[in-house]
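Worksheet: the structure to be examined is printed underneath.
The values are calculated or read from the model by the stated rules, or taken from the named source; none is laboratory data. None of the values given here were measured: they were computed from a predicted structure. As a convention, Cβ positions derive from the backbone with ideal geometry for all residues, glycine included, and neighbour counts pool all protein chains shown.
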Amino acid sequence: MEAATPMPPADTATEKAPMDALVIQGGRRLSGRVAISGAKNAALPVMAATLIAPGVHKLRNVPDLRDTRTFAAVLGKLGAKVRFEGDLCTIDTTHVNSVEAPYELVKTMRASIYVLGPLLARLGGAKVSLPGGCAWGPRPVNLHLAGLAAMGANLEIEHGYIVGRGVKLHGTHFTFDIVSVGATAQLMMAAVTAQGTTVLDNVAIEPDITVLGEVLVACGARIDGLGTRRLVIHGVRDLKLIDTTIIPDRIEAATFAAAAVITGGSITLERVIPDHFEAALRKLEEAGGNVVREHDEVTVTGRGRPEAVDVTTQVFPGFPTDMQAQMMAVASIANGTSVIEDTIYLDRFSHVAELQRLGARIELKNNVAVVKGVEKLSGAPVMATDLRASAALALGALVAEGETRISRIYHLDRGYEKFDHKLTQLGARVERVQE
Ligand code: EPU
């Protein structure tokens with residue numbers, strides 16, 4: 001991998017590179033404008049899709065994150081040449097000469113499994129490490145495997161790897177029993193050049209998925225039903241090269257919107273698509289925030305202490321699981337009791353114990369948290385345990401009295417571009433230090 005901007009190798013960062021911490025002095029109202037970066041979860045499948053057609057692909061507005069760097073490293077292992085120049089990511093997949101996505105990389109980022117479908121589509125073979133569990137539970141990939149099997153991929157698990165040889169993908173009719181973002185993207189990428197027609201039912205309609213479909217269509221794929229729960233994909237022989245701009249990150253946008261509400265400040269989110277995070281905006285309005293939506297900007301203004309809100313995570317267009325932790329931080333200081341339920345990931349609650357260290361009163365029973373809002377949080381050393389949990393801790397720290405030190409911030413660096421810098425620009429007192 002060539003990189004115009006240096007970064008520690010993604011695969012070793014969690015073990016060997018120095019770990020940074022964020023030190024936040026609470027009590028500042030955030031105000032100003034913040035430019036929202038490209039979406040991590042939209043960029044990763046498009047990066048994978050570059051494997052389908054050999055040549056030089058161009059992706060703009062790619063966020064510079066540990067996860068996009070890790071994905072670039074995975075593509076590099078397969079023989080692709082990846083170059084970052086500012087937010088332009090150029091991926092040359094002319095000489096893809098390996099089908100192996102190694103454990104060392106996949107274990108740091110499960111989205112690496114996205115290379116499976118494109119490798120089978122282009123080379124008829126793949127050897128992709130089976131992702132292990134993650135910080136909040138098992139997160140299986142059975143739907144990816146069952147869908148690919150229905151398309152003719154006889155995949156075996158060998159020594160921890162998903163292995164396919166001599167695969168020729170063909171059309172099928174596959175119904176997802178659970179709506180899955182990743183498995184929908186996987187099968188879409190596998191189906192676009194498969195022989196015949198693939199019908200996928202109960203697919204994900206998250207913007208990241210719909211946009212992936214649009215990118216593929218722009219390259220010559222024939223996909224009907226984008227944005228609905230049924231996709232009909234007529235296989236084509238070849239795809240053209242990708243030249244696209246990644247959509248704005250709706251979760252980053254919603255996180256900054258939550259920062260405005262929790263601090264009682266006023267933040268204008270620039271370069272956003274408001275419809276993509278409407279469910280989060282509505283909850284923040286319920287919490288007392290004032291939201292002004294414009295074409296590609298949203299201004300969110302908090303009004304003192306937030307009100308309690310009940311939240312149940314759902315697939316798009318419902319409230320996203322990727323905002324559950326941040327909303328819990330808001331609920332922690334709300335006036336009243338909030339009930340927060342995660343129906344997508346039943347164990348995604350590692351932030352609860354850390355928010356409690358800041359003084360939050362949260363009772364967790366299975367996948368439901370009852371949050372009794374307190375008037376004040378108080379700063380403490382806490383540990384980031386996963387990406388969105390880290391963002392929740394940063395939000396808590398912004399309103400906690402005194403100093404909060406958030407260690408293991410590499411989790412945050414997986415998915416928020418220049419987060420500390422953006423917070424500082426909005427008036428927060430944040431310092432990145434080495435642990
Ligand atoms: N599931 C299965 N079998 C599968 C696949 C999924 O049972 O084969 C289950 C999962 O365990 C979960 C549900 O289906 O209960 C939905 O999971 P999904 O497949 O939709 O999640 P994903 O594709 O692995 C993406 C995002 C996550 C986000 C989820 C849900 C990327 C790279 N990741 O994961 O983002 O939480 O969709 O919206 O797009 C994050 O950014 O912090 C993050 C974790």
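For region 94-105, how many residues meet the condition of being part of a strand (DSSP E or B) and either of a type in the set (K, R) or within 16 Å of the ligand (Cβ to nearest atom) (or both)?
Step one: filter region 94-105 for residues part of a strand (DSSP E or B), giving 100-101.
Those still in the list that are either of a type in the set (K, R) or within 16 Å of the ligand (Cβ to nearest atom) (or both) too: 101.
So the answer is 1.
Check region 335-344 and report whether any residue there is part of a loop (DSSP other than H, G, I, E, B) and in contact (Cβ under 8 Å) with a residue 40 or more places away in the chain.
Taking region 335-344 as the starting set, the residues that turn out to be part of a loop (DSSP other than H, G, I, E, B) are 336, 342-344.
Now narrow it down to the ones that are in contact (Cβ under 8 Å) with a residue 40 or more places away in the chain: none.
No; the residues of region 335-344 include none that is part of a loop (DSSP other than H, G, I, E, B) and in contact (Cβ under 8 Å) with a residue 40 or more places away in the chain.
Kindly indicate whether any position in region 348-363 is out of contact with any Leu (no Cβ under 6 Å at 6 or more places or on another chain), of a type in the set (S, T, Y) and farther than 25 Å from E403 by Cβ.
No, the conditions are met nowhere in region 348-363.
Somewhere in region 194-210, is a residue more than 12 Å from the ligand (Cβ to nearest atom), within 24 Å of M109 (Cα to Cα), modelled with pLDDT of 95 or more and assigned by TED's automatic domain parsing to the domain that holds R230? Steps first, answer last, please.
Quick first cut of region 194-210, residues more than 12 Å from the ligand (Cβ to nearest atom) only: 194-201, 210.
Then drop every residue that is not within 24 Å of M109 (Cα to Cα), which leaves 210.
Those still in the list that are modelled with pLDDT of 95 or more too: 210.
Add one more test, that the residue is assigned by TED's automatic domain parsing to the domain that holds R230, and what stays is 210.
Among the residues of region 194-210, at least one is more than 12 Å from the ligand (Cβ to nearest atom), within 24 Å of M109 (Cα to Cα), modelled with pLDDT of 95 or more and assigned by TED's automatic domain parsing to the domain that holds R230, which makes the answer yes.
Consider region 369-426. How many of its residues are among the aliphatic types (A, V, I, L, M), in contact with a Ser or Thr (Cβ under 6 Å, 6 or more places away or on another chain) and within 15 Å of the ligand (Cβ to nearest atom)?
4
Counting only residues that are within 13 Å of the ligand (Cβ to nearest atom), give me the strands (runs of 3 or more DSSP E) lying completely in region 39-93 with at least 2 of them. So that I can check it myself, show each step before the final result.
Numbers: elements: 56-60, 81-85, 88-92.
In region 39-93, there are no strands (runs of 3 or more DSSP E) which contain 2 or more residues that are within 13 Å of the ligand (Cβ to nearest atom).
Hey, any hits in region 326-334 for a residue that's more than 15 Å from the ligand (Cβ to nearest atom), surrounded by fewer than 20 Cβ atoms within 10 Å (Cβ to Cβ), touching a residue at least 12 places away in the same chain (Cβ under 8 Å) and more than 22 Å from the chain's Cα centre (by Cα)?
no
Out of the residues in region 118-140 that are closer than 28 Å to L412 by Cα and at pLDDT 95 or above, state the one that is farthest from the ligand (Cβ to nearest atom).
S129
Filter region 181-197 down to residues that are surrounded by fewer than 24 Cβ atoms within 10 Å (Cβ to Cβ) and hydroxyl-bearing (S, T, Y) and give me whichever is farthest from L212 (Cα to Cα).
By that ranking, first place goes to T197.
It is to be established whether one or more residues within region 54-70 are crowded, with 21+ Cβ neighbours inside 10 Å, touching a Phe, Trp or Tyr at 6+ places or on another chain (Cβ under 6 Å) and at pLDDT 95 or above.
No, region 54-70 contains no residue that is crowded, with 21+ Cβ neighbours inside 10 Å, touching a Phe, Trp or Tyr at 6+ places or on another chain (Cβ under 6 Å) and at pLDDT 95 or above.
Any idea which of (1) without any contact (Cβ under 8 Å) to a residue 60 or more places away in the chain; (2) within 16 Å of the ligand (Cβ to nearest atom); (3) surrounded by 22 or more Cβ atoms within 10 Å (Cβ to Cβ) is the one T108 doesn't satisfy?
Result: T108 passes all but (1).
Keeping to region 161-190, report how many residues are more than 13 Å from the ligand (Cβ to nearest atom) and either hydroxyl-bearing (S, T, Y) or touching a Phe, Trp or Tyr at 6+ places or on another chain (Cβ under 6 Å) (or both).
Total meeting the criteria: 3.
Only one of these conditions is not met by I157: (1) in contact with a helix residue (DSSP H, G or I) (Cβ under 8 Å, 6 or more places away or on another chain); (2) not in a helix (DSSP H, G or I). Which number is it?
Only one criterion in (1) in contact with a helix residue (DSSP H, G or I) (Cβ under 8 Å, 6 or more places away or on another chain); (2) not in a helix (DSSP H, G or I) is unmet by I157, namely (1).
Kindly indicate whether V399 is farther than 28 Å from V106 by Cβ and under 23 Å from the mean Cα position of the chain (by Cα).
Values: farther than 28 Å from V106 by Cβ: yes; under 23 Å from the mean Cα position of the chain (by Cα): no.
No; evaluated as a whole, the condition is false for this residue.
Might you let me know whether region 265-281 holds any residue that is within 16 Å of the ligand (Cβ to nearest atom) and over 30 Å from C219 (Cα atoms)? Spell out how you get there, then give the answer.
First pass over region 265-281, keeping only residues within 16 Å of the ligand (Cβ to nearest atom): 276-280.
Subsequent filtering for residues that are over 30 Å from C219 (Cα atoms) retains 279-280.
Scanning region 265-281 turns up at least one residue that is within 16 Å of the ligand (Cβ to nearest atom) and over 30 Å from C219 (Cα atoms).
Could you tell me whether any residue of region 25-43 is modelled with pLDDT under 95, out of contact with any strand residue (DSSP E or B) (no Cβ under 6 Å at 6 or more places or on another chain) and in the same structural domain as L395 (by TED's automatic domain parsing)? Before the answer, list the steps.
Initially, region 25-43 is screened for residues modelled with pLDDT under 95, giving none.
The answer is no, given that none of the residues of region 25-43 is modelled with pLDDT under 95, out of contact with any strand residue (DSSP E or B) (no Cβ under 6 Å at 6 or more places or on another chain) and in the same structural domain as L395 (by TED's automatic domain parsing).
Across region 354-403, which residue is farthest from K40 (Cα to Cα) among those that are surrounded by fewer than 18 Cβ atoms within 10 Å (Cβ to Cβ) and touching a residue at least 60 places away in the same chain (Cβ under 8 Å)?
E375
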